[in-house]
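Report on one structure; see the data block that follows.
The values are calculated or read from the model by the stated rules, or taken from the named source; none is laboratory data. As the structure is a prediction and not an experimental result, all values here were calculated from the model. Backbone-built Cβ (ideal geometry, glycine too); neighbour counts: all protein chains shown. These area figures cover heavy atoms from the full protein model, side chains too; ligands, DNA and RNA do not enter into them. Shrake-Rupley method; radii C 1.70, N 1.55, O 1.52, S 1.80 Å.
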Amino acid sequence: MTAEQAVHPSSNDSGDTGEALPGLFSRQHAAATLTFATVMFLTGFAALAVVPTLPTAAEDLDGVPLFPLVAGSFVAASLLGGVLGGHWADRSGARRPLALGMVLSVVTLLVSASSLSIWQLVVGRFVDGLAAGMVAVSVTTAIGQSYPEYLRPRMLAMMSASWIIPSLVGPPIAGVVAEAWSWRVVFYGLAALTALPAVALVAVLRRAPAGDAARAADLPPAEERASRPPLLVAALLSLGAALGQYGVSGWDTRHLLFVAAGVALLVVFAPRLLPAGTWRSARGLPTAVLLRGLTSGTYFTVEALVPLMLITERRVAAVTVGVAFTASAVLWAVASWVQGKLLQDVARHRLVTVGALVMAASVVFAVVGSFSGVSPLPAMAAMPLAAIGMGMLDPCVTVLSLSHSAAGRLSHTTSAMQTNMNLGQVVVLAFATAVLNAGLAAGASRLGGYAIAFSLLLVPTLLVAVLAVRARKDANP
């Protein structure tokens, strides 16, 4: 379909009556539009408000050593949730997995808010990851089910815009609430705010057309359904990621056995979901997929460990850390706009190299901010600086990956990129945590342990800077 046809739909959409076509806020679509927009707004608010609150929660529950498991369990579960939601949507449409994902989002906020131990918080984050994965893979199909074709691009644009305000106000508000009352109030408040839209979403989706025709419209193309990774493989990968995250929290025999089991599962099953040659950086698509894992893993680790250090060791107020999260979201968007508009004539792989070097600089800032005799400001600056690097290189990595994909394999490429993004986040965080705990076991101070762990992150960032050329558009697979 051409762009003109998308804007001016065919007679099948309008009934060829000459009447004005209903818009997003027309009588027949207003309820769905408001519900989807509200749900996406609150989903973004919850996602951005919860993350800077987690270090305070972990400290309050005497679970700082297990904080990487708290952060990593969400990612591990989202991998499984995305595959589970995709398979479910393939069979019967997106309505049920999306509705269940929203209901689970409310439940998991309550589970986390009432945590009596760090393990209950881990369970809450794991279930939240399942819910987030199901929602992410289902929401686009649900919009396709609820709107005619000419309205879908506008609704998807509204979904993206719904994250703008949460990125600006979510982290600072969460920090203020955590400082003035408790981190539990953040979770309870988000559950209360999300409950009514979740119920409304279930009602809206139940009213959507049923039957074979609607179900067929819900289903993705056959090649996309075929590219879904097996549920068993996804489940074993999630299990391996969780075992590894727990294992690196200690250095006794039991923890090392968990690490070995987790690594074995990842080594055996991850290659099934990635292009051949990904781990050896074969030219073209495999390198692009590898770059996505390395960069997202580095950024996720900075986003997880820097706030933990600032709050638990440097005693920086949670609201101040929240402001750093907001600055990161804004600067990511600005850098992404700059690379797409002002630097559009620069080769994409060169921008990846530049973005990786900016991220390397952010790692240096994090290391400097880990020294007790230095102000924590450099560590705070590490977060928005890393976001600038990601905003510049992440869209370029996506463009490079798609440039190496045949038209019929785009969904497979997207799936591989998403999978390696999650794997990169889990693996890099696990390595950084292992280095942190090894430093502590060797007698280093806690701040010294963080400095050592942050130094490790120079490895993936510099690797990306060097390997980016192997993903350039004219690279041969």
Starting with the highest mean, order 260-266, 352-358 by the number of other Cβ atoms within 10 Å, averaged over the residues of each peptide.
352-358, 260-266
Could you give the length gained by full extension between W119 and R446, i.e. 0.36 nm per residue of separation minus their alpha carbon distance, to one decimal place?
115.5 nm
Based only on Cα atoms, what mean projected area does the convex hull of region 263-369 have, in nm²?
9.0 nm²
Region 235-354: relative contact order from alpha carbon pairs under 8 Å, six or more residues apart, as a whole percent, is 13 percent
Dmax and Rg, reported as Rg then Dmax, of region 322-446 (C-alpha, Å)
17.3, 56
Per residue, what accessible area does region 265-384 have, given a 1.4 Å probe and all protein chains present, in Å²?
39 Å²
Take the Cβ-Cβ distance between S26 and R280 as r, set R0 to 60 Å, and report the resulting FRET efficiency rounded to the nearest 0.05.
0.65
Between L110 and M158, what's the calculated FRET efficiency when r is the beta-carbon distance and R0 is 30 Å? Round to 0.05.
0.60
Please compute the Cα-Cα pair-distance distribution of region 230-281 with 10 Å bins starting at 0, giving whole percents from short to long.
27, 44, 25, 4
Can you tally the net charge around A191? Count Lys and Arg as +1, Asp and Glu as -1, for every other residue whose Cβ sits under 12 Å from the Cβ of A191.
0
Alpha-carbon centroid distance for the pair region 51-65 / region 104-138, whole angstrom:
15 Å
If you stretched the chain out fully between D60 and L377, how much longer would it get, using 0.36 nm times the residue separation minus the C-alpha to C-alpha distance?
111.7 nm
In nm, spacing of pseudo-spin labels at V459 and L343 (7 Å Cα→C-beta vector):
2.7 nm
First check a/c for region 316-391, with a ≥ b ≥ c the square roots of the eigenvalues of its C-alpha gyration tensor; if it is under 1.5, answer rounded, and if not, answer prolate when a/b is larger than b/c or oblate otherwise.
oblate
Please give the FRET efficiency for V263 paired with S182, using the beta carbon to beta carbon distance and R0 = 35 Å, rounded to the nearest 0.05.
0.40
